[in-house]
Every structure is written in C-alpha cells, then in structure tokens.
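The numbers here are math on the coordinates, done by the rules we state, and not lab data. All values reported here derive from a predicted model rather than from experimental measurement. Note: ideal-geometry Cβ built from the backbone for every residue, glycine included; neighbour counts use all protein chains shown.
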Amino acid sequence: MKIECIRDSESLEGLKDSWNELLFSSEQNCLFLTHEWISSWWKSFSEDNSLEILLFKDEKGNLVGIAPFMTKGGLGESSPYNKGKILCFIASQEVSDYCDVIVHNEKREEFYEGVLDYLKANYPDVEKIELMNIKASSPTLSFLPRLATGHGYSSSFDETEVAPMLELPSSYEVYLASLSKKNRHELRRKLRRVESLEGVKITKITDTKELRSYLETFIALHKEGSPEKEKFWGKKGMSDFFNEITFRFSLQKWVGLYLLFYEDKVMAALLNLSYSNQVYFYNVAFNKDFARYSPGLFLFNHCIKQAISEGKKKADFLRGREKYKYYFGAEDSKIFRLVLIPRKTEK
C-alpha cells in the first residue's frame, strides 16, 4: 500500500471526487467526513495548524484510505512553553460532531497498520495523537487500540459525549404510537398552540442564493438565545465557515433551512442537514417573543414527519443531552476520544 501526504490546500481541493467516492462506500460514511465539510473547515479555521492528510492507495493507484489529520502546537525545544505537537483530526469541538478516518472495508487491517507505521516513522516530534468525536460503532476504536502496542504506542479511550439518535419507522403514525403516552399527549398539546395562530407557515430554504440571505437571519436569531451562543458566533472564522458549508451543501442538496413564520415574523429556524439515509438536526433558534408556543418543537416535529415521508432511516440530534431531544424519543449513542502516546525509546 502506497502512502502519500497532502500538506497544501490546493491538493486538498483537488481530491473532492475520489474522496467522496471512497466515503460513500465506506463504513464511516458520514456528513462530517465529506470533502465539502473537511475542506470548508480547513479554509475557515486552519490558522497556524499544519495540514497532514494521509492518502492510502493500492497497487493499482486506487484510493482505499484517508486519514484527515493536522498537527497543532509545538513552539520549539528552546521555548519554556513548548508542549510538543499534537496530531488530531481536521475538526474542532464547536462544529464537527463526528470525526474519523475513511477506509475501504476490505483494507481495514492493512490501513490501520499503515497509519501507525507512517506516524511513528514520520512524526517523531508529535507528543500525542488525540482523536475526538469517534462513534462507538467505528472500527477505529477496535483496530487502533489493539494494534498500538505493537507499533510503539500506548493507548486509551474514554466516552466524552452522547448524541441522541431517533430510529425512524415507516410512517408518522407508527412514530407517534412509539412515543410514551405522556410525551405523545404533550407533543399534540404543544402543536395545537402554534396551529391555533392564524397566518402561520413553514418555509424551507434550499436555493443557494436564498440560503446566504436567510442564514444571516438564522445567525441573528441564534445569537439572541444566550451569551454563550453570541460568543460562539463571535469566534474567528465561524460565520465564514457556515456561509461556505451551506453554499457547498446546497449544491449537493444536503442542506435545508426551515423557517416558521407567524405573519411576517420568524418564530423559529432549524438548520437541517440531509445526507444518505439520515437527517441531522444541526441547530435550532427561536424568537423569545414566541417561547410560550414552543416553535422549535413544532419545527422538529415537521422535519421528523418529512424525513419519514422521504424514507430516511435515522434522525440524528447530534451531540448534547438537551431535554427536548429525548422528548421526541431519541436514544443516546456514545461518542469517544482516543489518545495514542508514543513510548519513548532509550538512546
């Protein structure tokens, strides 16, 4: 297996077709591992980090594995603040809910062996490898810890978060019947609150030009939710990233911004990502003036109903234990962090 390392943005951009082709057929297939997501993140947040994308190709030159890495840190041995370099995924905790490598199912053992061999030989100044937001189902959690010792690494992994997930049935009626009696009653009661208002409508924005305009509306509404949310949007590159990713996703028809209007006022907005057989509820914002109507819940219910009608199999509420996610019947899926530390050898 041949290994190449990509260290420049132009080369990253040129990988789009082969990257996504491998991803679509892999066990790791996930919206947050698409070329669109990774390249948009790098464009918006790279700063002083170093791009270190490892490409694994078979004897015919076909791409069979991708390790989307970067290194950060490292101030030089003479610096009193030097903590060494850390190798990690091209991602940040604020926006990337899931991270992983991408590998052809039939090449997994060889791929993971190759990753460890390459890192050991080519990154002697890396103090640790810290891989965050890995799904419990990922082969990375079984292969890397098992192989680490033989390649000169110690390993540990721990659960860091959960992502509530909702399995979608064949019909909305079946879904409602699956809810507890209490939750089903509460849902219907809260839906009637919004339905009692005249002039209420839901608009789905998917057009590329319209998304740019209405994304600003969403951001402004989200900022008003709390000081933490306002701080989130104030971070360098954040608005640029969401403008970039909604543009790229709109070209693939992977994004929809749902707006709940009461006459000419936005009651709530839901940024909804649709990919493969899943729908991802990325972020919701609501107008505090309409809080008593639970407009966010109204939008979630609408999108669940639509996802079922489209034949989607799962609705992913993503990271976090917010109560409303369980209200819709979602159940926790675990997320892990894996840390590999090179064992020092005697000189």
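The table below gives the values:
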quantity	calculated
Net charge of Cβ neighbours under 9 Å - reference LYS2; Lys, Arg +1; Asp, Glu -1	-2
3J(HN,Hα) from dihedral phi, segment 228-243, Karplus parametrisation 6.51/-1.76/1.60, rounded to Hz, x for glycine, proline	5, 5, 5, 5, 4, 6, x, 5, 4, x, 5, 5, 4, 4, 5, 5
In sequence order, calculated HN-Hα J values of segment 30-44 (Karplus, 6.51, -1.76, 1.60; Hz; x Gly/Pro)	7, 3, 7, 10, 5, 4, 4, 5, 5, 5, 5, 4, 4, 4, 8
Within segment 169-312: Cβ-based charge dipole about Cα centre, in debye rounded to nearest 20 (Lys, Arg +1; Asp, Glu -1)	520 debye
Per-residue [θ]222 nm for the chain (sum of -39500 (n - 2.57) over DSSP H runs n ≥ 4, rounded to 500)	-11500 deg cm²/dmol
Leading residue at positive end of dipole, the chain (Cβ point charges), from ALA315, SER239, TRP254	ALA315
Dipole of the chain, positive direction: furthest Cα of PHE24, PRO139, SER333, with charges on the beta-carbon	SER333
Ordering of 254-263, 303-312 by burial proxy (mean other Cβ atoms within 10 Å per residue, highest first)	254-263, 303-312
Using θ = phi - 60° and Karplus 6.51 cos²θ - 1.76 cosθ + 1.60, couplings along segment 330-341 (whole Hz; Gly, Pro as x)	5, 10, 5, 10, 8, 10, 10, 10, 10, 10, 10, 10
Additional length obtainable on full extension of the chain from LEU197 to ASP48, 0.36 nm per residue less Cα span	48.5 nm
Amide hydrogen neighbours beyond the local backbone of THR160, cut-off 5 Å, H modeled	ILE335, PHE336, ARG337
About the Cα centre, charge dipole magnitude for the chain (Lys/Arg +1, Asp/Glu -1 at Cβ), debye	1320 debye
Efficiency of FRET between ALA121 and LYS323 - r from beta-carbon atoms, R0 41 angstrom, step 0.05	0.25
Above-threshold pairs, the threshold being 26 Å between Cα atoms, out of LYS201/LYS288; LYS135/LYS312; LYS85/LYS223; LYS229/LYS325; LYS135/LYS323; LYS60/LYS135	LYS85/LYS223; LYS60/LYS135
